[in-house]
1. Can you name every residue in segment 1-28 that is closer than 24 Å to residue 55 by Cα and open to solvent by 60 Å² or more (accessible area, probe 1.4 Å)?
2. Return only the number of the condition from (1) surrounded by 17 or more Cβ atoms within 10 Å (Cβ to Cβ); (2) closer than 27 Å to residue 311 by Cα; (3) touching a Lys or Arg at 6+ places or on another chain (Cβ under 7 Å) that residue 160 does not satisfy.
3. If we keep just the residues of segment 190-215 that are of a type in the set (A, V, I, L, M) and buried (at least 19 other Cβ atoms within 10 Å of the Cβ), which is nearest to the ligand (Cβ to nearest atom)?
4. Just name the residue that is farthest from the ligand (Cβ to nearest atom) out of those in segment 244-268 that are within 34 Å of the chain's Cα centre (by Cα) and under 24 Å from residue 110 (Cα atoms).
5. Within segment 216-232, is there a residue that is under 29 Å from residue 107 (Cβ atoms), assigned to a strand (DSSP E or B), free of Cβ contacts under 8 Å to residues at least 40 places away in the same chain and open to solvent by 70 Å² or more (accessible area, probe 1.4 Å)?
6. Kindly provide the set of residues from segment 164-189 that are closer than 22 Å to residue 295 by Cβ, away from the ligand (no atom under 12 Å from the Cβ) and either outside any helix (DSSP H, G or I) or not acidic (Asp, Glu) (or both), ordered by number.
7. Quick one: in segment 233-256, which of the residues that are aromatic (Phe, Trp, Tyr) and assigned to a strand (DSSP E or B) is most open to solvent (accessible area, probe 1.4 Å)?
Amino acid sequence: MLDRIDALREELTDVTLTTLDEAEDFRITYLGQRSGIITNLFKKIGQVAPADRPTVGKQLNALKQRAEAIHQEAVDRLEQAAGPAAPDVDLTLPGRTPRVGSVHPLAQTLHDITRLFERFGFAVAEGPEIEDDWHNFTALNFPPEHPARDMQDTFFVEPPEGPRNGVVLRTHTSPVQIRVMENTAPPVRIIAPGRVYRNEAISYKSFCLFHQVEGLYVDEGVTLGDLKHILRTFAEAFFGADVQMRFRPSYFPFTEPSAEVDIWWADPEHPDGGRWMEILGSGMVHPNVLEAVGADPERYTGYAFGMGVERIAMLRYGIDDIRTFYENDVRFLQQF
Ligand code: PHE
């Protein structure tokens, strides 16, 4: 056995490994688990006379370590020589342009409306989207039985007959009028952009949530002429000097008189060459509303308006279905 070990030690001094395949063959030949030459010698150690076993075992271990070292040195050396694995990329390909997002058309429209009114001297106010009955309805002169309080239009957070007397997702931005006037004595001149909710049948022009920009100007001597002037100035600035608009008498509990504004949407495919699109409600602040917030209706008058941002964006960009704003279809969004 010792002779055999000596012979193998001698043999190992001559080994030269020049490829990774050769290194692997070497490992299998000498150290392979099943029939490596050195491995096999370990299996035969039981046949050695007990007195010799310590010496033989020691030498065999040394031989094994020697073989392992030779193998490891060769693998290290050869892998190093091969260099890092060739990168799996074609460096001549043109780069991929990172995709840049765009501002959502509603956000853009909301922003532009807000900026215009800031230039006209309006401050920006905000209110909560979850409102109580007082701010959303009662202070705005909605009679107790008014149909807009009905389940059909309003999403209730707390039922109207419940202990909290109705908590709602605000159905319009008009409650911000109340919140501002409760805290600020006239003169006030604000706009309130924000999101509103209505439990309505969904169609090309109505969705269960949408955005409004509320406007409110209360001071001594504010007139209906002032209201018409600011809305015409807005429409011309937004849609161009040739915009066609009309004031149509209307009704809101919190304004008297009240008017809605329509914008002409020219459309050659339409039988009439286009159609009127309602974009806002407006009017002179009702004396009951001023009273509800503690402003003297004998002294102050004011106008208010609430415009539908989706409708304005539809006109601006020629979009014929309000639902596309909420689908987040990238093909739609990419166009802006
Ligand atoms: N709040 C009304 C609506 O949502 C719009 C409006 C605002 C009308 C202010 C008059 C004055 O339809």
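The values are calculated or read from the model by the stated rules, or taken from the named source; none is laboratory data. Fair warning: this is a prediction, and the values are worked out from it, not measured in the lab. Every residue, glycine among them, receives a Cβ derived from its backbone with ideal geometry; neighbour counts consider all protein chains shown. With ligands, DNA and RNA removed, areas are computed over all heavy atoms of the protein, side chains included. Shrake-Rupley method; radii C 1.70, N 1.55, O 1.52, S 1.80 Å.
1. Within segment 1-28, 1, 2, 3, 4, 6, 9, 10, 11, 13 qualify.
2. Going through (1) surrounded by 17 or more Cβ atoms within 10 Å (Cβ to Cβ); (2) closer than 27 Å to residue 311 by Cα; (3) touching a Lys or Arg at 6+ places or on another chain (Cβ under 7 Å) one by one, residue 160 breaks only (2).
3. Looking only at segment 190-215, we keep the residues that are of a type in the set (A, V, I, L, M), and these are 190-192, 196, 201-202, 209, 213.
Subset that is buried (at least 19 other Cβ atoms within 10 Å of the Cβ): 190-192, 196, 213.
Values: 190: 12, 191: 11, 192: 10, 196: 7, 213: 10 Å.
Checked segment 190-215; the qualifying residue nearest to the ligand (Cβ to nearest atom) is 196.
4. Taking segment 244-268 and keeping what is within 34 Å of the chain's Cα centre (by Cα), we get 260-267.
Those left that are additionally under 24 Å from residue 110 (Cα atoms): 260-266.
Working: 260: 8, 261: 10, 262: 14, 263: 16, 264: 20, 265: 19, 266: 25 Å.
Selected residue: 266.
5. No, segment 216-232 contains no residue that is under 29 Å from residue 107 (Cβ atoms), assigned to a strand (DSSP E or B), free of Cβ contacts under 8 Å to residues at least 40 places away in the same chain and open to solvent by 70 Å² or more (accessible area, probe 1.4 Å).
6. Once the filter is applied, which keeps residues that are closer than 22 Å to residue 295 by Cβ, away from the ligand (no atom under 12 Å from the Cβ) and either outside any helix (DSSP H, G or I) or not acidic (Asp, Glu) (or both), segment 164-189 yields 179, 180, 181, 183, 184, 185, 186, 187, 188, 189.
7. Step one: filter segment 233-256 for residues aromatic (Phe, Trp, Tyr), giving 234, 238-239, 247, 251-252, 254.
Cutting the leftovers down to assigned to a strand (DSSP E or B) gives us 247, 251-252.
Numbers: 247: 66, 251: 135, 252: 47 Å².
Here the residue is 251.
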